[in-house]
Every structure is written in structure tokens, then in C-alpha cells.
Amino acid sequence: MKTRTALPWLALAVVATAFIATEMEPAGLLALATQAAQGAQYIKTLQNPDSLPAVRSYYIDYTIPLQKESYLLYVPNTYDGSEPFGLIVFISSGDAVTGLPPGWENVLSAKRILFLAAQNSGNPRYDNRRLGLAVLGAERIAQDYRIDPKRIYAAGVSGGSRIACDLGFYQSDLIKGVITSVGVNFPGNPPPATNAQNLPYGVIQATPTELADAKNNVRFAIITGPGDFRHGDILRIYNTGFLKEAMQCKLFDVPGMGHTTCDGETLNQAIEYIEGGN
């Protein structure tokens, strides 16, 4: 998973000076990227978490020094620490994440959810790094902010969605919901190849224990649409993997959706499903 194409919105730049820090602040704040309508988006470094998950996966790098990395962090204006909020850790298909996906801010604000996305964690990077940045970042934010441990979710787009799926299987003690846009992985034997290179799509390895833990602990919202070139692969994996194994899952086949991040309406529906809806 090192050659997937980044989506255009991930490359959109904000004002150049928004990323230039004149002084490193104690909490690791590099710059206020933007003051959004209903929250603030920061580019910041993080310290490594004080503790790591009790469950350790062979596929995740837990040794990354976060002080050498940076993240985009969105915090709704309504967060003041008086009550726990949720957290979405987002894995992009590109290395630069300069803002929230279009249409997501209103939903995150209304649902009281923070958003975290690592930089330099796109498709060209090794999977163990992408997984490690997501897990370590989520653990750190859960220590620095008042986060409901039952509302820590992984999300992504394209190849990043496949990493989000991996987190649902490899770190189900931390990740309680997965929201995928136009990309999916599932443990099992290689499915029929659907590309010119004759390579299997969407296959990962997981132990019976990892599969059972994910089945019990994680809800999966799988999002695609007829304009997504992976539409057929995702439907096949959903039916022959998620449904066959009786995972807690729901397919959102969005009319008119192409190979892109889901819109705010679909995100809202996916969160409502993960948080107990049908």
C-alpha cells in the first residue's frame, strides 16, 4: 500500500504564514492554521503518550518519536473540558493535510468530536508508520483532552480508509468505530484480482483473536458510491467479508459519490450508526 493516489482536497494550501511558527510553545503548538467558523485548526507537535495500549500489534510501530512529527488538530469551540468529547483520528491518502474535509466541520461541532490527522502519513508511507502515528496521536490527545474512550474512531479516505480498517482489527481496544470513504480492508484469503497488475485488493492478515475482538468491539461504517472506481471491490468485500463474518457494519452506498471523501451528511449518518443507530 505505497502507490495510491492522493485526493485533490488534501493538497489545498492555506495561507503560507499559517504554517510558520515564530516560537515553539510548550504544548507543542506550531501555528494556528485557521480559525474556523465553529472551532480552531492547529498544526502542532505532540509528546509521546505516557502509556501505550495494553494490546500491541505486530503491524504497528509504537516507537515513533512524536516530537519530530506534526498533526492537524481541530477542536470545536464548544470544547472547554467540562464534559468528554469524541475523537476522530483521520488517515489521509496524501502527506499534507491542511484542513478538514469539506462539510465535516458542522458535523464535528454538533457531535462534539475533535479531529486529528498526522502529516507525512499518506499512501507513499509504510503502513506500520501510518498505523503508529494514528495510535500514538490518539493516545496523546486522549491524555491531553477530556476524551470519551468509547468515542474514539478511525476514519480515512481511499488508501487512508484501508489503514483505518486495519486499526479496527489491530487496535480494537482503542478504536471503537471505523468510518471509511472509498477504501476498505478485511482479513482473509486474497479475493479475485480486479486490476491490470493482477494484484489482490483489500486483503490483510489478522489472527482469530483480532477478528473476534473487532467483531465485539468495533462498528464499521463502509462508504462508497457508484462513481467510485473501487465500488465493486468494496461491495464484494463488504458482502463476502464483513457481512459473512457477522461484523457490526453498515454499508452507505451514496448516490452520485465518486472516489472522494464522504460529505457532511453521510459523515453524520455514519457517526449516528456507530453511536448506536441502525
- prompt: Hey, among the residues in region 36-91 that are more than 30 Å from residue 207 (Cβ to Cβ), small (Gly, Ala, Ser) and surrounded by fewer than 19 Cβ atoms within 10 Å (Cβ to Cβ), which one's farthest from the chain's Cα centre (by Cα)?
  reply: 82
- prompt: For region 91-106, how many residues meet the condition of being of a type in the set (Asp, Glu) and in a loop (DSSP other than H, G, I, E, B)?
  reply: 1
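Could you look through region 235-271, keep only residues that are charged (D, E, K, R) and exposed (fewer than 15 other Cβ atoms within 10 Å of the Cβ), and pick out the one that is modelled with the highest pLDDT?
Taking region 235-271 and keeping what is charged (D, E, K, R), we get 236, 244-245, 250, 253, 263, 265.
If we keep only those that are exposed (fewer than 15 other Cβ atoms within 10 Å of the Cβ) as well, we get 244, 265.
Values: 244: 95, 265: 98.
Once the filter is applied, the top-ranked residue is 265.
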task: Mind listing whichever residues of region 130-151 are farther than 20 Å from residue 183 by Cα and not charged (D, E, K, R)?
output: 136, 137, 138, 141, 142, 143, 145, 147, 149
message: For region 140-171: of the residues being crowded, with 24+ Cβ neighbours inside 10 Å and of a type in the set (D, E, K, R), which is nearest to residue 101 (Cα to Cα)?
response: 162
- prompt: Does region 176-191 include one or more residues that are touching a Phe, Trp or Tyr at 6+ places or on another chain (Cβ under 6 Å), of a type outside the set (Val, Ile, Thr), at pLDDT 95 or above and surrounded by 24 or more Cβ atoms within 10 Å (Cβ to Cβ)?
  reply: yes
field: Given (1) touching a residue at least 12 places away in the same chain (Cβ under 8 Å); (2) out of contact with any strand residue (DSSP E or B) (no Cβ under 7 Å at 6 or more places or on another chain), number of the condition residue 253 does not satisfy
entry: (2)
- request: Within region 63-82, work out how many residues are part of a loop (DSSP other than H, G, I, E, B) and in contact with a strand residue (DSSP E or B) (Cβ under 9 Å, 6 or more places away or on another chain).
  value: 5
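The values are calculated or read from the model by the stated rules, or taken from the named source; none is laboratory data. For clarity, every value in this text was computed on a predicted model and none was experimentally measured. Reconstructed Cβ throughout: ideal geometry from the backbone, glycine too, with neighbour counts over all protein chains shown.
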